[in-house]
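Engineer: One structure follows; several queries about it will come next.
The values are calculated or read from the model by the stated rules, or taken from the named source; none is laboratory data. No experiment lies behind these values; they were computed from the predicted model shown. Cβ placement follows ideal geometry from the backbone for every residue including glycine, while neighbour counts extend to all protein chains displayed.
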2 protein chains.
Amino acid sequence: MKSDLTIGDVARESGVKVPTIRYYEQIGLLPEPPRTDGNRRFYDQKGLRRLAFIRHARELGFEVSAIRTLLALQDDPAQPCATADAIAKARLIEVEQRIASLMALKAELEVMVEECRHGRLAECRVIEVLADHGKCMHDHH
Amino acid sequence: MKSDLTIGDVARESGVKVPTIRYYEQIGLLPEPPRTDGNRRFYDQKGLRRLAFIRHARELGFEVSAIRTLLALQDDPAQPCATADAIAKARLIEVEQRIASLMALKAELEVMVEECRHGRLAECRVIEVLADHGKCMHDHH
DNA sequence: CTACATCCTCTAGCGACTAGAGGAGCAAGA
DNA sequence: TCTTGCTCCTCTAGTCGCTAGAGGATGTAG
């Protein structure tokens, strides 16, 4: 386990692109790492873990501001985890709502595509349904 | 059915905000409407229908560039509707993929939230799972 | 020694809006 | 008529989370 990692190394290992890592540093999500004589950033395992944490949280759709809070909580493990729990629950609700809304869209798109008679646009259901919301089978939106 | 609608009227009737309507005009999605003596935009039913079309398409998650194509198709109904069909199908696939990925996230978030013992952060599952992707129950991402 | 990869900083762009400044027009009540 | 207050106008800049590119320095392999 080597401990002097270039930005390219941590990029490869974490799956976060190099410019994105520099961006995270810029917005204060990652601390400024030390530099070599040649002015290049170098990281240790701790830096890599922090980046992996961020990446995973982003994959789960947490916003940067939420991640900022979660990182602060992680840095102080003596605190009660109610805040972390609340953030995760809020995200869960968001995801559930998004799924429900996408299911409605899916149903509507399926009707559009199925009913399209592959003829002229004049009688195309796709265009027709878009033009007249009242023709939707669903009123979810 | 009155035929001289202010931008505020069409905003109310279509559900699209006033600045957004001006933005759509700016990017060429809506044609420049005529103006009153006092330099105010006024719209007719045709303009309102076009805006409703755009709104519905946006609600279905179509990108502006796709809507541009759909509007062009709508303006020329003699064309075959294969293009419109292809756009809708592509969107359907996107939606299906997005749902699948969100379901995976939902499952992972549920595990995190359920397993949180509401104790100290030191043993909080939320933080722990975020810190170590290997602890995920799912490998969808 | 020469390629070539990787790194650096900096600025600008993406999509689809949204917010705000600073001002003009218009309708209704006193 | 005046005034209040709402709507409208244009313009610029900001949002989020990156991503792309310019222009240059540094490091590494053959």
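Engineer: Please specify each residue of region B:70-93 satisfying the condition of being within 16 Å of DNA strand C (Cβ to nearest atom) and buried (at least 16 other Cβ atoms within 10 Å of the Cβ).
Structural biologist: Across region B:70-93, the qualifying residues are B:70, B:71, B:87, B:88, B:91.
Engineer: Still on this model: For region A:94-108, which residues satisfy the criterion of being of a type outside the set (A, V, I, L, M, F, W, C) and loosely packed, with under 14 Cβ neighbours inside 10 Å?
Structural biologist: A:97
Engineer: Has region B:9-17 got any residue that is within 14 Å of chain A (Cβ to nearest Cβ), basic (Lys, Arg) and either within 30 Å of residue B:96 (Cα to Cα) or away from DNA strand C (no atom under 12 Å from the Cβ) (or both)?
Structural biologist: Checked region B:9-17: no residue is within 14 Å of chain A (Cβ to nearest Cβ), basic (Lys, Arg) and either within 30 Å of residue B:96 (Cα to Cα) or away from DNA strand C (no atom under 12 Å from the Cβ) (or both).
Engineer: Which condition number does residue B:56 fail, the rest of (1) within 16 Å of DNA strand D (Cβ to nearest atom); (2) crowded, with 16+ Cβ neighbours inside 10 Å being met?
Structural biologist: Unmet condition: (1).
Engineer: Same structure, new question: Quick one: in region B:33-47, which of the residues that are in a loop (DSSP other than H, G, I, E, B) and free of Cβ contacts under 8 Å to residues at least 24 places away in the same chain is nearest to DNA strand C (Cβ to nearest atom)?
Structural biologist: Across region B:33-47, the extreme among qualifying residues is B:38.
Engineer: Six or more apart or on different chains, Cβ under 7 Å: which pairs go from a residue in region A:1-23 that's more than 10 Å from DNA strand D (Cβ to nearest atom) to one that's hydroxyl-bearing (Ser, Thr, Tyr)? Could you list them?
Structural biologist: Hits for this filter: A:5/A:43; A:10/A:43.
Engineer: Among the numbered conditions (1) of a type outside the set (Asp, Glu); (2) over 16 Å from residue A:62 (Cβ atoms); (3) at pLDDT 85 or above, tell me where residue B:122 comes up short.
Structural biologist: Failing condition for residue B:122: (3).
Engineer: Restricting attention to region B:18-32, and to residues there that are away from chain A (no Cβ under 14 Å) and surrounded by 15 or more Cβ atoms within 10 Å (Cβ to Cβ), which single residue is nearest to DNA strand C (Cβ to nearest atom)?
Structural biologist: Per the criteria, the residue is B:20.
Engineer: Now a separate question. Quickly run through region A:36-79 and pick out the residues that are within 11 Å of chain B (Cβ to nearest Cβ) and of a type in the set (Asp, Glu).
Structural biologist: Passing the criteria: A:59, A:75, A:76.
Engineer: Filter region A:38-77 down to the residues that are among the aliphatic types (A, V, I, L, M), under 18 Å from residue B:116 (Cβ atoms) and touching a Ser or Thr at 6+ places or on another chain (Cβ under 8 Å) and list them by number.
Structural biologist: A:73 - this is the single residue of region A:38-77 that is among the aliphatic types (A, V, I, L, M), under 18 Å from residue B:116 (Cβ atoms) and touching a Ser or Thr at 6+ places or on another chain (Cβ under 8 Å).
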